[in-house]
Amino acid sequence: MTQTYKIRVENVSKIFGRDPKAALAQVQAGMGKDELLRQSDHVLGLHDINLNIRAGETFVIMGLSGSGKSTLIRHFNRLIEPTSGRILVDGVDVLTLNDHDLRAFRRKKISMVFQKFALLPHKTVMENVIYGLLVDGMAPALAREKGADQIRLVGLAGFENHFPGQLSGGMQQRVGLARALATDAEILLMDEAFSALDPLIRHDMQMQLRDIQARLHKTIVFITHDLDEALLLGDHIAILKDGVLRQVGTGPEILMAPADDYVARFVRDVNRARSVTCGALAVAGQPQGDLVLDASQPVEAAFSALAASDLPIGVRDGNGQIAGVLTRATVFQALARA
Amino acid sequence: MADGFPELFDIRSFGRAMDQGFNQIVANYGETLEAIFLPVLKALVMMEKVLLWLPWWGVLLALAALAYAASRRWTVTVAVAVMTFCIGVIGVWEQAMATIALMVISTLLAVLVGLPIGIAMSRGKRMQAVTLPILDIMQTMPIFVYLIPFVMLFGPGKIPALLATIVFAIPPVIRLTNLGIRQVDAETVEAVRAFGASPLQILFSVQIPLAMPAILAGINQTTMMALSMVVIASMIGAGGLGYQVLQGIQRLEISSGLMAGLGIVLLAIIFDRIAQSYGQRMQKSLKLES
Ligand SMILES: Nc1ncnc2c1ncn2[C@@H]1O[C@H](COP(=O)(O)OP(=O)(O)OP(=O)(O)O)[C@@H](O)[C@H]1O
Ligand SMILES: [Mg+2]
């Protein structure tokens with residue numbers, strides 16, 4: 001079973017401060033984040049996180065500011081080491097890698113887009129994008145060729161020789177994206193990679209990411225504050241609060257069955273009709289009428305038909321088989337839970 | 001009254017042991033050390049010769065070109081040229097060339113030694129904790145104290161003058177290299193670490209370039225301190241402008257002392273302008289780029 005998971009996080013806790021181990025003991029004895037900070041000046045970053053991320057999926061991490069998202073994602077490429085617990089990537093505990101293997105792992109297998117861009121201010125856009133390739137020893141001419149492709153992909157052709165300081169925030173973010181894509185890593189860590197983009201470019205980038213995903217089957221760990229983005233991109237979504245994992249599930253699962261009050265409030269304002277698929281709401285029954293919807297279509301698609309008639313509408317699954325029906329009552333009930 | 005002060009150890013015999021120990025070092029290693037520093041001496045003499053062999057306008061043009069390369073501004077270039085001209089006008093050209101040679105060589109060596117120390121300091125808390133107090137002591141110790149061991153080792157001459165100057169002038173390069181590297185944005189360093197850069201790659205592709213404005217400021221300060229050392233260094237045979245000041249004291253001639261003093265001031269301004277404007281230009285381009 002281990003093999004099908006690309007990344008496994010096992011019982012990971014992280015505490016920032018002078019004596020993390022002692023603080024961890026206190027946390028395990030039941031102390032919360034606020035109390036720990038007040039009593040011993042230690043910050044609880046993460047507490048007992050367990051996650052399984054499948055190969056080829058987009059895994060979204062959500063949570064309020066300070067909930068530990070960036071801390072968690074930095075564990076995957078060991079920029080941060082946990083106070084306790086293990087992180088397995090392809091079955092290998094990254095904490096056991098020696099310096100050499102860790103560098104090889106970071107060069108070939110995993111790459112990252114940073115929340116605050118973290119570009120090299122003294123290097124041009126092109127030099128930034130090919131940095132990872134050069135570090136890995138690729139010939140500069142070849143690296144530039146690859147770099148030019150990535151720069152075109154993120155829509156920055158013509159800016160190769162500009163410096164980051166001469167670009168807008170959104171453009172800088174796209175340089176960070178191109179830099180991460182350039183190394184062709186199997187795993188892509190994206191810490192609020194789209195947060196600085198305007199809605200149009202953001203939508204473009206989301207579509208491009210889905211496209212990349214469909215073609216290359218990378219494993220993507222994506223942090224976002226934006227629930228719509230999470231639902232659009234995420235095969236699974238994890239919700240963090242104060243360093244504790246509150247729920248992990250598919251988008252519809254989380255929308256339709258929030259694990260607790262916090263998650264419920266978190267997802268309250270989302271447009272369910274657009275995010276929940278017909279498949280998620282289908283119940284057993286006999287369809288009547290001509291209209292048949294795909295399980296993957298949003299519930300929204302059924303609205304006009306439901307408005308016109310009371311009859312159960314058929315929903316077919318990926319193989320074209322009828323999987324169930326939607327009725328006016330089930331749809332209203334599902335959407336009403338706010 | 002120091003009567004009755006508890007005598008914790010016998011300071012006299014301690015002092016004697018120290019002197020004897022050092023004498024022993026001088027006796028045993030003096031010649032080896034001299035041989036080691038012979039190439040440095042040759043470089044120093046060579047540079048002095050070249051500067052004096054060049055026609056005065058050749059040196060003037062070279063300094064002006066350097067000023068333009070560093071600042072890309074005509075005002076600075078012209079100012080440097082005029083000040084260089086003044087050095088000749090007040091009649092201390094030859095002494096000034098000797099002083100420039102000493103200053104340039106000692107600054108070069110100070111940077112060569114100071115950069116690695118500063119880099120090492122920036123990499124660990126412990127290294128910094130050990131080095132900082134030593135630098136503090138080096139900077140507060142009266143300069144004359146440095147002359148003693150070097151003169152003992154080498155006898156009066158250019159080498160001890162050079163070494164004393166280096167010891168005196170090296171702290172700013174070390175301090176500011178350390179500081180500059182520590183001030184590089186942690187997230188930028190983290191980003192290149194995430195792409196698998198080795199410590200050396202991080203140092204040369206990110207930390208040193210981004211610390212460059214600070215390092216340059218350190219080099220500038222070192223240059224100025226080396227220059228301020230020339231009078232004292234001339235007491236043990238450095239020659240140049242400092243020696244003329246010294247002669248002014250001995251002969252009670254205010255004119256020769258004043259002219260040489262003015263020469264030192266002019267040199268200080270010239271090199272400070274060049275270094276500062278280069279630093280400013282770099283800082284500006286880094287700002288633009290960040
Ligand atoms: N190096 C550090 N030292 C001490 N505390 C830290 C450190 N890094 C993070 N923290 C703390 O850990 C907690 C989680 O921070 P983190 O950056 O992971 O939050 P985040 O979920 O990414 O927030 P945001 O959405 O604002 O980016 C915060 O309380 C923060 O103060
Ligand atoms: Mg964050």
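The values are calculated or read from the model by the stated rules, or taken from the named source; none is laboratory data. Given the structure is predicted, the values throughout are model-derived calculations rather than measurements. Here Cβ is always computed from backbone atoms with ideal geometry, including for glycine, and neighbour counts include all displayed protein chains.
Which residues, taken from the stretch A:94-148, are crowded, with 20+ Cβ neighbours inside 10 Å, at the interface with chain B (Cβ under 8 Å from one of its Cβ atoms) and within 16 Å of ligand 1 (Cβ to nearest atom)?
A:Met112, A:Phe114, A:Ala118
Given A:Ala305, A:Ala329, A:Ala273, A:Ala264, which one is surrounded by fewer than 19 Cβ atoms within 10 Å (Cβ to Cβ), part of a helix (DSSP H, G or I) and in contact with an Asp or Glu (Cβ under 8 Å, 6 or more places away or on another chain)?
On the way: A:Ala305 fails: in contact with an Asp or Glu (Cβ under 8 Å, 6 or more places away or on another chain); A:Ala329 fails: in contact with an Asp or Glu (Cβ under 8 Å, 6 or more places away or on another chain); A:Ala264 fails: in contact with an Asp or Glu (Cβ under 8 Å, 6 or more places away or on another chain).
Going through A:Ala305, A:Ala329, A:Ala273, A:Ala264 in turn, the sole match is A:Ala273.
Which fully enclosed helices (runs of 4 or more DSSP H) of the stretch A:161-246 have 3 or more residues being outside the structural domain of A:Ala139 (by TED's automatic domain parsing) and in contact (Cβ under 8 Å) with a residue 60 or more places away in the chain? First the steps, then the outcome.
Working: elements: A:169-182, A:199-216, A:227-233.
Result: empty, no element qualifies.
Name, by its number, the condition in (1) assigned to a strand (DSSP E or B); (2) within 15 Å of ligand 1 (Cβ to nearest atom); (3) within 30 Å of A:Ala22 (Cα to Cα) that does not hold for A:Arg86.
For A:Arg86, the exception is condition (2).
So if I check each of B:Ala110, B:Ala70, B:Ala81, which one is more than 19 Å from the chain's Cα centre (by Cα) and either among the basic types (Lys, Arg) or under 27 Å from B:Phe204 (Cα atoms) (or both)? Quick ask: steps written out before the conclusion?
Details: B:Ala110 fails: more than 19 Å from the chain's Cα centre (by Cα); B:Ala81 fails: either among the basic types (Lys, Arg) or under 27 Å from B:Phe204 (Cα atoms) (or both).
Only one candidate passes the filter, namely B:Ala70.
Only one of these is within 14 Å of chain B (Cβ to nearest Cβ), surrounded by fewer than 17 Cβ atoms within 10 Å (Cβ to Cβ), more than 30 Å from A:Thr277 (Cβ to Cβ) and away from ligand 2 (no atom under 16 Å from the Cβ): A:Gly158, A:Gly165. Name it. Quick ask: steps written out before the conclusion?
Details: A:Gly158 fails: within 14 Å of chain B (Cβ to nearest Cβ).
One residue alone meets the criteria, A:Gly165.
How about the stretch B:197-290: which helices (runs of 4 or more DSSP H) wholly inside it have at least 1 residues that are closer than 30 Å to A:Ile110 by Cβ? I'd like the intermediate steps shown before the answer.
Details: elements: B:199-202, B:208-228, B:230-234, B:240-251, B:254-289.
Passing ranges, in order: B:199-202, B:208-228, B:254-289.
Yes or no, residue by residue, for (1) under 21 Å from the mean Cα position of the chain (by Cα); (2) at pLDDT below 95:
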{"position": "A:His42", "(1), (2)": "no, yes"}
{"position": "A:Gly45", "(1), (2)": "yes, yes"}
{"position": "A:Ile61", "(1), (2)": "yes, no"}
{"position": "A:Ser65", "(1), (2)": "yes, yes"}
{"position": "A:Leu72", "(1), (2)": "yes, no"}
{"position": "A:Gly91", "(1), (2)": "yes, yes"}
{"position": "A:Phe105", "(1), (2)": "yes, no"}
{"position": "A:Ile110", "(1), (2)": "yes, no"}
{"position": "A:Val125", "(1), (2)": "no, no"}
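Exactly one of these conditions fails for A:Phe76: (1) near ligand 1 (Cβ under 9 Å from one of its atoms); (2) under 25 Å from A:Gln206 (Cβ atoms); (3) within 14 Å of chain B (Cβ to nearest Cβ); (4) not small (Gly, Ala, Ser). Give me its number.
(1)
Does B:Pro160 satisfy being assigned to a helix (DSSP H, G or I), in contact with a Ser or Thr (Cβ under 8 Å, 6 or more places away or on another chain) and away from every other protein chain (no Cβ under 14 Å)? I'd like the intermediate steps shown before the answer.
Values: assigned to a helix (DSSP H, G or I): yes; in contact with a Ser or Thr (Cβ under 8 Å, 6 or more places away or on another chain): no; away from every other protein chain (no Cβ under 14 Å): yes.
Considered against the rule, which asks whether it is assigned to a helix (DSSP H, G or I), in contact with a Ser or Thr (Cβ under 8 Å, 6 or more places away or on another chain) and away from every other protein chain (no Cβ under 14 Å), B:Pro160 comes out as no.
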